[in-house]
Amino acid sequence: MLGSQQEMSFIDHLEALRWHVIRAAIAVVVFALGAFFSKDFLFHELMLGPSRSDFWTYRMSCKLAAFLGAPGLCIDKIGFVIQNREMSGQLTMHISTSFIVGLVLGFPYLFWELWRFIEPGLYPHERQNSRGAVLFVSLLFMAGLLFGYYIAAPMSIQFLAGYVVDASIENQIDMQSYLSTLTTMSLSCAFVFELPMIVFFLAKAGLITPEIMRVYRKHAIVVVLVIAAIITPPEVTSQIIVTIPIILLYELSINIARVVTRNRTASLNAQLAENQGVAE
């Protein structure tokens, strides 16, 4: 390790990492067990919420439709039925879903343990500049998760599960397919929302600058539109709702890169001036 701590061998690093992993795994198991024994809330309220017409997002869509005078935006009925077609399907779903919820709830602690392993290897000024990283990473993750759960996932589920090519075909959705769509959409948004922190660390390392991000802004918008088209139904309103927050995150990231680059340049100039003063 760097700084005031004694240098550790490779084996010592592995031993330290092992205990960080063990503690993180215990936290995930504890949260997963809590989710497992809260079956009614976990499934009826949380996981199956977007499959019912009384879900918060659908109620808000009807209020928005009434306000805008656009009844087409109101989602007041669900055009699909969720079924289980495997003998052990519900038990498997119960276990796997509990584990996913354990990972999500334990994410702040997981990252904190990872950061505790990385932080001693940083220089003092790097530790100072990275203060609050765990908090901001956790907040962005949870904000993206909520956005995915309440906005992106319900719109995709409603469109895909309610889409019909002929009225004689009834949509009977397998529960694993439904849960896979819900979790994939929610977690995808959670990780996309980490963009500002990713840019922060890249700018700290001098690997990215605000000028580069401005030059490739148009390219980034195209990429965002493609991502929105993939994770949302092929409907303009849904794509716009998903695209706007991501573009705002990109613009926020540009400002973060600008501040980081300015501070980094000032620090380098101050260090250079100090070295020249010592040389004289």
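The values are calculated or read from the model by the stated rules, or taken from the named source; none is laboratory data. Note that the structure is predicted; figures quoted are calculated from it, not measured. Every residue, glycine as well, gets a Cβ built from its backbone with ideal geometry; the counts of neighbours run over all protein chains shown. Heavy atoms of the whole protein, side chains included, go into the accessibility calculation; ligands, DNA and RNA do not. Shrake-Rupley method; radii C 1.70, N 1.55, O 1.52, S 1.80 Å.
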Of the residues that make up region 77-93, is at least one touching a Ser or Thr at 6+ places or on another chain (Cβ under 6 Å), among the charged types (D, E, K, R) and modelled with pLDDT under 90?
-> yes
Checking Gly89, Gly144 in turn, the sole residue that is closer than 25 Å to Ile230 by Cα and of a type in the set (Gly, Ala, Ser) turns out to be Gly144
Which residues, taken from region 138-154, are farther than 14 Å from Thr184 by Cα and either touching a residue at least 60 places away in the same chain (Cβ under 8 Å) or touching a Pro at 6+ places or on another chain (Cβ under 7 Å) (or both)?
-> Ser138, Leu140
Out of region 58-105, which residues are open to solvent by less than 40 Å² (accessible area, probe 1.4 Å), within 16 Å of Gln158 (Cα to Cα) and in contact (Cβ under 8 Å) with a residue 40 or more places away in the chain?
-> Tyr58, Ile75, Phe80
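Taking the stated definitions as given, is Glu126 of a type in the set (Asp, Glu) and modelled with pLDDT of 90 or more?
When the stated conditions are applied, Glu126 does not pass them.
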Per the list (1) assigned to a helix (DSSP H, G or I); (2) open to solvent by less than 60 Å² (accessible area, probe 1.4 Å), residue check on Phe31 breaks on (2)
Quick one: what pairs do we get from region 208-227, first residue over 23 Å from Val242 (Cα atoms), second assigned to a helix (DSSP H, G or I) and of a type in the set (Ser, Thr, Tyr), C-beta under 7 Å, 6+ apart or different chains?
-> Thr209/Thr261; Pro210/Thr261
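Being open to solvent by 80 Å² or more (accessible area, probe 1.4 Å), in a helix (DSSP H, G or I) and either closer than 30 Å to Leu48 by Cα or in contact (Cβ under 8 Å) with a residue 24 or more places away in the chain (or both) narrows it down to one residue among Ile240, Ile254; which is it?
Details: Ile254 fails: open to solvent by 80 Å² or more (accessible area, probe 1.4 Å).
After applying the criteria, what remains is Ile240.
Here is a check on your reading of the model: is Ser186 among the hydroxyl-bearing types (Ser, Thr, Tyr), at pLDDT 90 or above and exposed (fewer than 15 other Cβ atoms within 10 Å of the Cβ)?
Values: among the hydroxyl-bearing types (Ser, Thr, Tyr): yes; at pLDDT 90 or above: yes; exposed (fewer than 15 other Cβ atoms within 10 Å of the Cβ): no.
No: the conditions fail for Ser186.
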Subset of region 106-138 [out of contact with any helix residue (DSSP H, G or I) (no Cβ under 9 Å at 6 or more places or on another chain) and open to solvent by 60 Å² or more (accessible area, probe 1.4 Å)] = Ile118, Tyr123, Pro124, Gln128, Arg131
What number goes with the only condition from (1) in contact with a strand residue (DSSP E or B) (Cβ under 8 Å, 6 or more places away or on another chain); (2) open to solvent by less than 40 Å² (accessible area, probe 1.4 Å); (3) polar (S, T, N, Q) that Ser156 does not pass?
-> (1)
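Go through the residues of region 207-214 one by one and say whether even a single one is at pLDDT below 85 and open to solvent by 30 Å² or more (accessible area, probe 1.4 Å). So that I can check it myself, show each step before the final result.
To start, the set of residues in region 207-214 that are at pLDDT below 85 comprises 207.
In the following step, the residues that additionally are open to solvent by 30 Å² or more (accessible area, probe 1.4 Å) were identified as 207.
Checking region 207-214: at least one residue is at pLDDT below 85 and open to solvent by 30 Å² or more (accessible area, probe 1.4 Å).
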